[in-house]
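Sharing a structure here in structure tokens format.
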Amino acid sequence: MKSSLIVATLALSTLGFAGPKSYEFTLSSRASLGANELKPGEYRVKFDGAQATVTDEQTNKSFTVPVKVEHNNGQKFGQTTVQSANQGGVDHIVQINLGGSDTKLELGQ
């Protein structure tokens, strides 16, 4: 009995170190995300509650933006995709669908 309790405690303690999962996406052209302009390249996004952290894979610089977390009625996205809307000649990222999950992050303008 005592050893199973120790194993369960160790298993639960490792969950605290896992942190939020990150998702990668690639931009083929410039786009804005909140007040930030993103150049073409590879990025990683992690979210925690109503905040998403986006990291440029080349420079390792990151920034945080507010998001609204929505779910796709239990249907998982096959890959991480970015949806944008062109306003005034500039592409604005409005949604990120997280591959392997039914989660999508909606971004305000």
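The values are calculated or read from the model by the stated rules, or taken from the named source; none is laboratory data. All figures in this text were calculated on a predicted structure; none of them were measured in a lab. Ideal geometry is used to build each Cβ from the backbone, glycine not excepted, and the neighbour counts take in all protein chains shown.
Please indicate, with yes or no, whether at least one residue in segment 71-80 is in a strand (DSSP E or B), of a type outside the set (S, T, Y), within 11 Å of L33 (Cβ to Cβ) and in contact with a Leu (Cβ under 9 Å, 6 or more places away or on another chain).
Going through segment 71-80, the residues in a strand (DSSP E or B) turn out to be 71, 77.
From what is left, the residues that are of a type outside the set (S, T, Y) are 71, 77.
Applying the additional criterion that residues be within 11 Å of L33 (Cβ to Cβ) yields none.
Checked against the condition, which is being in a strand (DSSP E or B), of a type outside the set (S, T, Y), within 11 Å of L33 (Cβ to Cβ) and in contact with a Leu (Cβ under 9 Å, 6 or more places away or on another chain), segment 71-80 yields no hits at all.
Of all residues in segment 81-109, which are over 16 Å from A35 (Cα atoms) and in a strand (DSSP E or B)?
T81, V82, Q83, I96, N97, G99, T103, K104, L105
Scan S28, S32 and give me the residue that is modelled with pLDDT of 50 or more and surrounded by 10 or more Cβ atoms within 10 Å (Cβ to Cβ).
Values: S28 fails: surrounded by 10 or more Cβ atoms within 10 Å (Cβ to Cβ).
Of S28, S32, the one residue that is modelled with pLDDT of 50 or more and surrounded by 10 or more Cβ atoms within 10 Å (Cβ to Cβ) is S32.
Shifting gears a bit: If you go through segment 84-109, how many residues are touching a strand residue (DSSP E or B) at 6+ places or on another chain (Cβ under 8 Å), exposed (fewer than 14 other Cβ atoms within 10 Å of the Cβ) and either among the hydroxyl-bearing types (S, T, Y) or at negative phi (or both)?
Residues that pass the stated criteria total 6.
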